[in-house]
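Undergrad: Right, I'll just put the structure down here and ask away after.
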Amino acid sequence: MLKWLRLTTTALAVGGCSGPLSTLDTAGSAAASIATLWWAMLAGAAILTVLVMTLLALAFRRRPTPAPGGTRLWIGGLGVAMPSTVLLVLLGFALALGEQTIARKAAGVVVVEASAHQWYWDFRHPGMAGEIVTRDVLHIPAGRPVDLRLEAHDVIHSFWVPRLAGKMDAIPGHVNVIRIDAKEPGRFEGQCAEFCGLGHAGHRFRVVAHDAAGWTAFQRGEQP
Amino acid sequence: MMLLARASAGLIFWAFGFSVLYGLHGIGCAYGWPSTEVGGGNLFRWVMVASWLLLCAGGAALIWLAKAAPSGLERRLSLTSAVVGCAATFVTGLPVAVTSACV
Amino acid sequence: MSALSRHRALTAIWGSPRGWRGTVSSVNHSDIGRRFILAAFAFFAIGGVLAMLIRAQLATPGSAFVGPEIYNQLFTMHGSIMMFLFAIPMFEGLALYLLPKMLGSRDMAFPRLSAYGWWCYVFGGSILIAALALGVAPDSGWFMYTPLSSKAYTPGINADVWLLGITFVEISAVSAAIEITVSILRLRAPGMRLDRMPLLAWYLLVTALMMVVAFPPLILGSILLEVERAFGWPFFDPLRGGSPLLWQHLFWLFGHPEVYIIFLPAAGVVSTVLPVMARTRILGYGWIVAALLALAFLSFGLWVHHMFTTGIPHMALGFFSAASALVAVPTALQIFAWIGTLWKGRPELKLPMLYLLGFFVIFVLGGLTGVMLAMVPFDWQAHDTHFVVAHLHYVLVGGFVFPMLAGAYYWLPHFTGRARIPLLGEAAFWLILIGFNLTFFLMHLTGLLGMPRRIYTYPSDMGWTWLNLLSSVGSFIMAFGFAMFAVDVALQIFLSRRARRNPWGAHTLEWAMPLPAPAYNFASQPRVADGEPLAADPDLPLRLARGEGYLAEIRHGWRETMAVDVTTGAVDHVIILPGNTRLPIITALATGCFFLALLFGFYWLAPLPLVAVTVLGWRWAWTLGWREEIGPVPIGAGETALTHREAAGAPGWWGSVFLLVADGTLLGSLLFGYAFLWVVAPNWPPPELIAAGLPQGAVAALAALAGTVLTRLAASAGVAGNNAASSRWASLAVGAQAVVIAALLWLGLAELPAPTGHAYAASSWAMIAYGVLHAFIALLCAAFIRARIASGHIRKGRVLETSVAQLFGDYAGLATWLILACVLAPLVLA
Ligand code: HEM
Ligand SMILES: [Cu+2]
Ligand SMILES: [Cu+2]
């Protein structure tokens, strides 16, 4: 047990945030800014927790005279003004971040069609000579924004490559678009994130981000 | 019952305004309002921002009306309800001014 | 009359027979409340065992303990049981047991309805548990997303079990909601103004009102999905103009308010127990009530935060993200009001307080992660991962289970009349607290490391292995804690010494009675002049037992309790409640047969139990009332009041109003669905629209108007004592409603395309069906008036039955007009 414990703590300390599906071990701009948001919110939440717990603990100390503070302090100040301010700031920050992340019109975007099935993914990439179709492996150029047009053929699935960006559902009858990018070439794991039946746990795929030469080669049809 | 009605008035107003904005957004996107140019902006933005501001004005008017409530709990509830309704209309409508239309 | 002989006489009137006779016929709120609580705890245990199995499976990577077939049933049933069979019924039980006692009343407004709700809950719950035992339990997740739950991808009975079983159980939720609302508004001790009500009553009032409007969207969604599965009406099938997103909207329109419906009663318990533990009054009573109302409304504007990843445009997400952030403010207000209360008083670390501290720690963390998830970009990452599993348990266990445990220890002396055995409860507390945090705190990390929820297994190279193992260890520690709690309670019930009358020195009325509580609660009802009646008047219990309050006099073996004015609490009238009867259990059985017939696909058989339910419903109303003239009766202190049959605004009328509010929400949801499909769903416009039908529409509209007017005429003639005229108008109203039914059906059959072809036709048909059903109900009401005039129950000055019939008549007319407008709109617009 002790050995386990030591192992766990060291693992947490050293590589705690890494992992093939870790949202904190980021490799894409959307994931990176969301991770920043997370660390900021974590810090804020920690401060608020400490504040509340301290106030709570102080209520139990022995006091000779009646304690200070009526509804003005507890309700007007701490109950309404404080959270409202914090929340408005956070909300503004998050809305701005969301604006940067969504698939707005932009130059140089690569568009890939993805279709989700029980239980595999088909990706249709733009090639030099027409579409290039792959199963369970998505190819993208590194350093460029890529829009995935998601559709589903049976039930709802969700496209998620945690190290690159957030997730987006693939819903039968609707087409959803998600923008991702990979800062550097590499391989990234993807996982279906919406419960889709018996094969949900294994509904995985992989993203291969190519450097410029690799991407041209891929588009020429030379499978790496 | 009057007490409960007064105590809900502002909040009901928020619920109404919220539904209006959400409904207009759905309809506007479905019928392509963002691509209709009107007076230096697009139709979608004009409609959304105008409705939002109107609703905020309505909320403010409700606060003014709520001041007439009798004293005690009834007054407290009517006033807070109106203030919360107006503030919530402002905050929940804020995205009409700062976010992109239908993406 | 001495206190003891009054006690005997009242017990004979309000009590239930011993043995199984009492079991099947009791309608007493204390009995029903206790049963709800016990059954909910049993379901909690079952749900807990399922959770243990889930954690056993996830303890190690690649575990071969169960496969996905079983695992999917495990988490679906765990979630559904905890939400529908544990949390909601537990609070209903608490409300049924406590409310009348805290309000100084003798029972709830509709005792037979409580019993009916109880039986529906037990029978519906049993269907689900039986399915679990047979291995055909629902397996599409507790929110049952289509198309996964549709016929094509869940061909078995699994999804039907959920849709029908849960809908059956929801009958009890809606009846409890109506009953709680009316009881709080009307059945209080005289003098208890709204601003003198105990805070728990405010919490329950707000919760009940939320339920009245939150459950109908779910019930509608379940009906539509079941109809799609059974008959192929394609509401959610995108190939035929339906949309899977419609289900998500309907579900979460219910689902988000649902979590506040679970939290608020528990917060009410905190607001009740905490000041007593701190020996002071709550800080900011009025502010808390205001916060509750704000919370109730705002919580209906959050549902899309469960759908941030469904491709809804960012602006619309922004509305809901902002509302989700705002809702944290009234919650924070309560947290600081409670802490301020502790500062104001002298808190003591008794066991309930210990659980309240656990609540603070856990719930605050859950609230903070909730705010994080309300931020759209973060949710894009965290959605559907174990981070969400952690968050929801911090909120549900922290915000519901911990306060309920505090409440359990606080009120147990009230249930049992006995004191606690020391230390066992403390040990249980620490096990639960530590086990809980070990289990779920780590899940935040597993989630951030990318572990999705609802996966039955995972590879070992993901970095989740140790976290999961520790989570599982924690969950078993927690399970031990809960087992210890159960043992503690059992010991207290069976072994412990007797408790003092008011062991905590509390000031609310439930402590103004002997323990354990007698069936009639109060030998006479108090007159309340303060928010904390026992603080102002410590001798109150004695004086009430001596019969110095209202309704001390016993007459005709009636179950009497006072009704007051909603706001001022002034004496209004005397309610005479129905006594024990088997009608509720029989009606629930008939209702159950209907659901079973649908479940097993015996559609031809289903009308039979429906007829039975109708007949029983008629009998339900018929057995009330009397023919004799009564007039004002003495109520004590030299005052007199009318009985509820002769006074305006009796509980039956109020109950009908709230029932119709729920019903109207259902209709509203249906119309929303129709508009939503029209605007958003793929494959629109439909191949075939309605092409004609104005004549049938005109006939239906006119007949509906006539039905409404005629029912009103019959009602006013009846109250005026003009029996012949009333009877004639009522007959004509019956005829008018029959014409409405015929015209609507004719319109559908002659002009609408077949419902299986396209969601357009399916939703039009659904509206027609709604109209026909309500015209039929209005027809029955009119016929009932006729029959009651003939039997002499309706006579001059008796307003109750006619006013209820008038309500249903008006509603049917309005609904028919709305439906006609929507069904005929394509025709008029074309
Ligand atoms: C007693 C201790 C409990 C444990 C150990 C526990 C454990 C779990 C776990 C591990 C899951 C995730 C399953 C998965 O995604 O694969 C889960 C899901 C869930 N739990 Fe609990 N739970 C407990 C109590 C509760 C309570 C008290 C409630 C509600 C009042 C609750 C409501 C839910 C819900 C709604 C889900 C989601 C089910 C779904 O995804 O369909 N749980 N629980
Ligand atoms: Cu999938
Ligand atoms: Cu929610």
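Undergrad: Residues of region C:435-472 being hydrophobic (A, V, I, L, M, F, W, C) and either without any contact (Cβ under 8 Å) to a residue 12 or more places away in the chain or more than 29 Å from A:Ala35 (Cα to Cα) (or both), which ones?
TA: C:Ile455, C:Trp466
Undergrad: Working carefully through the options A:Asp169, A:Asp154, find the one that is open to solvent by less than 50 Å² (accessible area, probe 1.4 Å) and closer than 22 Å to A:Glu99 by Cα.
TA: None of the others qualify; the one that does is A:Asp169.
Undergrad: Sticking with this structure for a sec: Read through the list (1) in a loop (DSSP other than H, G, I, E, B); (2) within 16 Å of ligand 2 (Cβ to nearest atom), then give the number of the only condition that C:Ala64 fails.
TA: (2)
Undergrad: Could you count how many residues in region A:27-49 are surrounded by 16 or more Cβ atoms within 10 Å (Cβ to Cβ) and facing chain C (nearest Cβ under 10 Å)?
TA: 11
Undergrad: Something else about it: Quick check, is A:Phe188 within 16 Å of ligand 2 (Cβ to nearest atom), of a type in the set (A, V, I, L, M, F, W, C) and within 14 Å of chain C (Cβ to nearest Cβ)?
TA: So A:Phe188 fails the test.
Undergrad: Residues being under 31 Å from the mean Cα position of the chain (by Cα) and over 19 Å from C:Gly474 (Cα atoms): count how many of those fall in region C:52-73.
TA: 4
Undergrad: A further question follows. Let me spell it out: the conditions are (1) over 30 Å from C:Tyr550 (Cα atoms); (2) not in a helix (DSSP H, G or I), and C:Ala523 meets all of them except one. Which number is the exception?
TA: Among (1) over 30 Å from C:Tyr550 (Cα atoms); (2) not in a helix (DSSP H, G or I), C:Ala523 violates only (1).
Undergrad: Does C:Ala115 satisfy being in contact with a helix residue (DSSP H, G or I) (Cβ under 6 Å, 6 or more places away or on another chain) and buried (at least 24 other Cβ atoms within 10 Å of the Cβ)?
TA: Criteria met by C:Ala115.
Undergrad: Does B:Ser51 satisfy being surrounded by fewer than 19 Cβ atoms within 10 Å (Cβ to Cβ), part of a loop (DSSP other than H, G, I, E, B) and of a type in the set (Ser, Thr, Tyr)?
TA: On the way: surrounded by fewer than 19 Cβ atoms within 10 Å (Cβ to Cβ): yes; part of a loop (DSSP other than H, G, I, E, B): no; of a type in the set (Ser, Thr, Tyr): yes.
Spelling it out, it is not the case that B:Ser51 is surrounded by fewer than 19 Cβ atoms within 10 Å (Cβ to Cβ), part of a loop (DSSP other than H, G, I, E, B) and of a type in the set (Ser, Thr, Tyr).
Undergrad: Every residue in region C:318-362 that is within 14 Å of chain B (Cβ to nearest Cβ) and either of a type in the set (Val, Ile, Thr) or outside any helix (DSSP H, G or I) (or both), please.
TA: Hits for region C:318-362 are C:Val327, C:Val329, C:Thr331.
Undergrad: Can you find, within region C:597-621, the residue that is farthest from C:Gly792 (Cα to Cα) among those that are more than 26 Å from the chain's Cα centre (by Cα) and open to solvent by 40 Å² or more (accessible area, probe 1.4 Å)?
TA: C:Phe600
Undergrad: In this structure, is A:Phe205 open to solvent by 10 Å² or more (accessible area, probe 1.4 Å), closer than 27 Å to C:Phe308 by Cα and in contact with a strand residue (DSSP E or B) (Cβ under 9 Å, 6 or more places away or on another chain)?
TA: Considered against the rule, which asks whether it is open to solvent by 10 Å² or more (accessible area, probe 1.4 Å), closer than 27 Å to C:Phe308 by Cα and in contact with a strand residue (DSSP E or B) (Cβ under 9 Å, 6 or more places away or on another chain), A:Phe205 comes out as no.
Undergrad: While we're on this one: Filtering region A:119-134 down to residues that are of a type in the set (A, V, I, L, M) and surrounded by fewer than 16 Cβ atoms within 10 Å (Cβ to Cβ), which residue is nearest to ligand 2 (Cβ to nearest atom)? It would help to see each step written out before you state the result.
TA: Quick first cut of region A:119-134, residues of a type in the set (A, V, I, L, M) only: A:128-129, A:132-133.
Going one step further and asking which of them are surrounded by fewer than 16 Cβ atoms within 10 Å (Cβ to Cβ), we end up with A:128-129, A:133.
Working: A:Met128: 31, A:Ala129: 31, A:Val133: 19 Å.
That would be A:Val133.
Conditions (1) within 16 Å of ligand 3 (Cβ to nearest atom); (2) touching a residue at least 40 places away in the same chain (Cβ under 8 Å); (3) within 12 Å of another protein chain (Cβ to nearest Cβ), marked per residue:
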site	(1), (2), (3)
C:Leu220	no, yes, no
C:Asp237	no, yes, yes
C:Arg240	no, yes, yes
C:Phe251	yes, yes, no
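Undergrad: Additional query: If a residue must be surrounded by fewer than 18 Cβ atoms within 10 Å (Cβ to Cβ) and among the polar types (S, T, N, Q), how many such residues does region C:676-734 contain?
TA: Counting residues in region C:676-734 that are surrounded by fewer than 18 Cβ atoms within 10 Å (Cβ to Cβ) and among the polar types (S, T, N, Q) gives 4.
Undergrad: To continue, here is another question. For region A:139-151, enumerate the residues that are surrounded by fewer than 23 Cβ atoms within 10 Å (Cβ to Cβ), away from every other protein chain (no Cβ under 14 Å) and either closer than 23 Å to C:Ala382 by Cβ or within 16 Å of ligand 3 (Cβ to nearest atom) (or both).
TA: Scanning region A:139-151 gives no hits.
Undergrad: Only one of these is within 14 Å of chain A (Cβ to nearest Cβ) and more than 13 Å from C:Leu128 (Cα to Cα): C:Ala87, C:Ala59, C:Ala95, C:Ala45. Name it. So that I can check it myself, show each step before the final result.
TA: Numbers: C:Ala87 fails: within 14 Å of chain A (Cβ to nearest Cβ); C:Ala95 fails: within 14 Å of chain A (Cβ to nearest Cβ); C:Ala45 fails: within 14 Å of chain A (Cβ to nearest Cβ).
One residue alone meets the criteria, C:Ala59.
Undergrad: Can you tell which of C:Leu224, C:Leu274 is within 14 Å of chain A (Cβ to nearest Cβ), away from ligand 1 (no atom under 16 Å from the Cβ) and either in a loop (DSSP other than H, G, I, E, B) or over 16 Å from the mean Cα position of the chain (by Cα) (or both)?
TA: Values: C:Leu224 fails: within 14 Å of chain A (Cβ to nearest Cβ).
When all the criteria are applied, what remains is C:Leu274.
Undergrad: Only residues that are touching a Gly at 6+ places or on another chain (Cβ under 8 Å) and crowded, with 21+ Cβ neighbours inside 10 Å: list them for region C:228-241, please.
TA: Across region C:228-241, the qualifying residues are C:Glu228, C:Pro234, C:Phe235, C:Phe236, C:Pro238, C:Arg240.
One line per residue, one yes/no per condition, for (1) open to solvent by 20 Å² or more (accessible area, probe 1.4 Å); (2) at pLDDT 95 or above; (3) more than 22 Å from A:His210 (Cα to Cα):
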residue: A:Gly92; (1), (2), (3): yes, yes, yes
residue: A:Gly108; (1), (2), (3): yes, no, no
residue: A:His117; (1), (2), (3): yes, yes, yes
residue: A:Asp136; (1), (2), (3): yes, yes, no
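Undergrad: Does region B:70-86 contain any residue that is in contact with a Cys (Cβ under 8 Å, 6 or more places away or on another chain), modelled with pLDDT under 95 and more than 8 Å from chain C (Cβ to nearest Cβ)?
TA: So far as region B:70-86 goes, no, none of its residues is in contact with a Cys (Cβ under 8 Å, 6 or more places away or on another chain), modelled with pLDDT under 95 and more than 8 Å from chain C (Cβ to nearest Cβ).
Undergrad: If you go through region C:306-317 one residue at a time, how many are open to solvent by 10 Å² or more (accessible area, probe 1.4 Å) and within 12 Å of chain B (Cβ to nearest Cβ)?
TA: Residues that pass the stated criteria total 3.
Undergrad: Which residue out of B:Leu65, B:Leu4 is open to solvent by 60 Å² or more (accessible area, probe 1.4 Å), more than 16 Å from C:His314 (Cα to Cα), more than 7 Å from every other protein chain (Cβ to nearest Cβ) and in a helix (DSSP H, G or I)?
TA: B:Leu65
Undergrad: Still on this structure, I have one more. Report yes if C:Lys350 is touching a Leu at 6+ places or on another chain (Cβ under 8 Å) and surrounded by fewer than 24 Cβ atoms within 10 Å (Cβ to Cβ), otherwise no. Quick ask: steps written out before the conclusion?
TA: On the way: touching a Leu at 6+ places or on another chain (Cβ under 8 Å): no; surrounded by fewer than 24 Cβ atoms within 10 Å (Cβ to Cβ): yes.
No, not satisfied.
The values are calculated or read from the model by the stated rules, or taken from the named source; none is laboratory data. Computed from a predicted structure; not experimentally measured. Methodologically, a virtual Cβ is constructed for each residue, glycine included, from the backbone with ideal geometry; neighbour enumeration extends over all protein chains shown. Ligands, DNA and RNA are stripped out before the accessible areas are found, and what is left, the full protein with its side chains, is counted by its heavy atoms. Shrake-Rupley method; radii C 1.70, N 1.55, O 1.52, S 1.80 Å.
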